[in-house]
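*Asks:* Sharing a structure below in structure tokens format, with a few things to ask.
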Amino acid sequence: MKNIRVLHVIDQLRIGGAQKLLVTFVKEAQRRSMPVEIVCLRRENPNLVISELEKYNAVITYLPAGKLLDPGRFWRLLNYIRHSQADLVQTHLTYANILGSTAAYLAGLPSAATLHLAGPDRRYSRLREQLETFCIRFFCRLAIAVGPETARQQASRLGSKKISVVLNAVELPPPVSAARIQEVRKELGINPDSRVFISVGRFSIVKAFHVLIEAFAAYHKQDPNSALLLVGDGKMRADWEQLAEDLGVSGDVLFTGLRDDVPDLLAASDLYVCSSTVEGTPLAVMEAISAGLPVVATNVGDLPVLIDPGFGILVEPDDSEAIVDAAALILKDTDGRQNMADAARVYASAHFSSGAWMDTLLAVYQIVLGRGRSE
């Protein structure tokens, strides 16, 4: 069977879960000698995501415009798809699900829309959500959800549209030496024996880092030898920096910005915390589990699918006190924390394989192309 040629359409290529998943796809595609084309709907400055995609030979085309329904941009996208050698189109995020699925339909190519969140994207209006719903329902062959809860919560708006669940994947990180861990801590100004919290993600309101900062400030009162790493960037950064200052922990809450050494930062930490109010199947949490970190996470989206009691604790969203209690329970037990770390790595190895993920995705593509079973 010949390799399937996939054209991915995505809103933007700044770092995020959908973008990391695209990097994983490109790596797996190169291993299988599959060509990959990507259309990005905005112009991007060089960044870590783009450098990774280009490293693995993805062909990237940018089609920016000043507004969603820009006729010129839509015509360029339609023309691009018509003249591509792709067998199918896979779209990611709201704008791409709208424009990419419509253009693929008009070009006569089958498409699949990817659902990355277990709920509406709060950055967009209700009208835009309805437009996305219409395009997925009537222009796509099927939708791909990144987890079972994501599929369940999205099903009501998609009517009879088939949703295939393809759980996200990450590559297992190589071991990080003790010397490198101490080097990272020294670089960040963290004591070798400090308890270190970490969270990774874009600085948007749904990540609720304000709740995490409040929880850390409360924990810090009982354990001053502690630090919090917030890895990423975004529009909420200034607000959250101010909150850390207002709570008197600005010296111990480190805003690292975007980093290309996240595996090292995870290895140098003791506990991963996900405080999100909305999630799909977050790759950042999967990466933390793969790195052997115990996890405290909110009970939203597909996080209950990812978090096993052997290495993590679920709390309700917007509950800083619950985060403090869960963190204290994990961090006070050194031997137990090591057992959780071992359990996390074993779980990740069994459940997060990028090769198995790609095999599942390829089977879904056969359904999109009308060659596979859709039961």
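The values are calculated or read from the model by the stated rules, or taken from the named source; none is laboratory data. Nothing here was measured: the structure is a model prediction, and the numbers come from that model. For neighbour counting, all protein chains shown are included, and Cβ atoms are generated from backbone atoms with ideal geometry for every residue, glycine included.
*Asks:* Within segment 16-30, can one find any residue that is surrounded by fewer than 16 Cβ atoms within 10 Å (Cβ to Cβ) and over 27 Å from SER276 (Cα atoms)?
*Replies:* Residues of segment 16-30 that are surrounded by fewer than 16 Cβ atoms within 10 Å (Cβ to Cβ), as a first pass: 30.
Of the ones still in play, those that are also over 27 Å from SER276 (Cα atoms) are 30.
Yes, segment 16-30 contains at least one residue that is surrounded by fewer than 16 Cβ atoms within 10 Å (Cβ to Cβ) and over 27 Å from SER276 (Cα atoms).
*Asks:* Determine, yes or no, whether SER204 is out of contact with any Pro (no Cβ under 8 Å at 6 or more places or on another chain) and in contact (Cβ under 8 Å) with a residue 12 or more places away in the chain. Working first, answer last.
*Replies:* Values: out of contact with any Pro (no Cβ under 8 Å at 6 or more places or on another chain): yes; in contact (Cβ under 8 Å) with a residue 12 or more places away in the chain: yes.
Here the answer is yes, as SER204 does meet what is asked.
*Asks:* Could I ask something else about it? Residues that are free of Cβ contacts under 8 Å to residues at least 60 places away in the same chain and surrounded by fewer than 18 Cβ atoms within 10 Å (Cβ to Cβ): find the helices (runs of 4 or more DSSP H) completely inside segment 48-131 holding 2 or more of those. It would help to see each step written out before you state the result.
*Replies:* Working: elements: 48-55, 71-83, 94-107.
Here the list reads 48-55, 71-83.
*Asks:* I would also like to ask the following. Looking only at segment 224-242, decide whether some residue is under 14 Å from ILE190 (Cβ atoms), touching a residue at least 60 places away in the same chain (Cβ under 8 Å) and not polar (S, T, N, Q).
*Replies:* no
*Asks:* Something else about it: Looking at ASP233, ASP261, ASP270, can you tell me which residue is at pLDDT 95 or above and either in the same structural domain as VAL295 (by TED's automatic domain parsing) or not aromatic (Phe, Trp, Tyr) (or both)?
*Replies:* On the way: ASP233 fails: at pLDDT 95 or above; ASP261 fails: at pLDDT 95 or above.
The match here is ASP270.
*Asks:* Can you tell me how many residues in segment 330-348 are among the β-branched types (Val, Ile, Thr) and buried (at least 18 other Cβ atoms within 10 Å of the Cβ)? Can you show your working first?
*Replies:* Just the residues of segment 330-348 that are among the β-branched types (Val, Ile, Thr), to begin with: 330, 334, 346.
With buried (at least 18 other Cβ atoms within 10 Å of the Cβ) added as a condition, the list becomes 330.
Qualifying residue count, segment 330-348: 1.
*Asks:* OK, next. Working only within segment 154-169, note down all residues that are surrounded by fewer than 21 Cβ atoms within 10 Å (Cβ to Cβ) and part of a helix (DSSP H, G or I).
*Replies:* The answer is ALA155, SER156, ARG157, LEU158.
*Asks:* For the list (1) modelled with pLDDT under 95; (2) under 25 Å from ILE323 (Cα atoms), I need the number of the one condition that PRO173 fails.
*Replies:* Unmet for PRO173, out of (1) modelled with pLDDT under 95; (2) under 25 Å from ILE323 (Cα atoms): (2).
*Asks:* Mind checking which residues of segment 13-36 are at pLDDT 90 or above and of a type in the set (A, V, I, L, M, F, W, C)?
*Replies:* LEU13, ALA18, LEU21, LEU22, VAL23, PHE25, VAL26, ALA29, MET34, VAL36 - these are the residues of segment 13-36 that are at pLDDT 90 or above and of a type in the set (A, V, I, L, M, F, W, C).
*Asks:* Continuing with this model, one more query. Looking at LEU361, LEU306, LEU329, which is the one that is within 30 Å of ALA86 (Cα to Cα) and of a type in the set (A, V, I, L, M, F, W, C)?
*Replies:* Working: LEU306 fails: within 30 Å of ALA86 (Cα to Cα); LEU329 fails: within 30 Å of ALA86 (Cα to Cα).
Result of the check over LEU361, LEU306, LEU329: LEU361.
*Asks:* OK, next. Quick one: count up the residues across segment 171-213 that are surrounded by 13 or more Cβ atoms within 10 Å (Cβ to Cβ) and part of a loop (DSSP other than H, G, I, E, B).
*Replies:* 11
*Asks:* Would you call VAL324 closer than 23 Å to GLY17 by Cα and outside the structural domain of ALA112 (by TED's automatic domain parsing)?
*Replies:* On the way: closer than 23 Å to GLY17 by Cα: no; outside the structural domain of ALA112 (by TED's automatic domain parsing): yes.
It is false that VAL324 is closer than 23 Å to GLY17 by Cα and outside the structural domain of ALA112 (by TED's automatic domain parsing).
*Asks:* If GLY248 meets every condition in (1) within 19 Å of the chain's Cα centre (by Cα); (2) surrounded by fewer than 16 Cβ atoms within 10 Å (Cβ to Cβ) apart from one, which number is that one?
*Replies:* (1)
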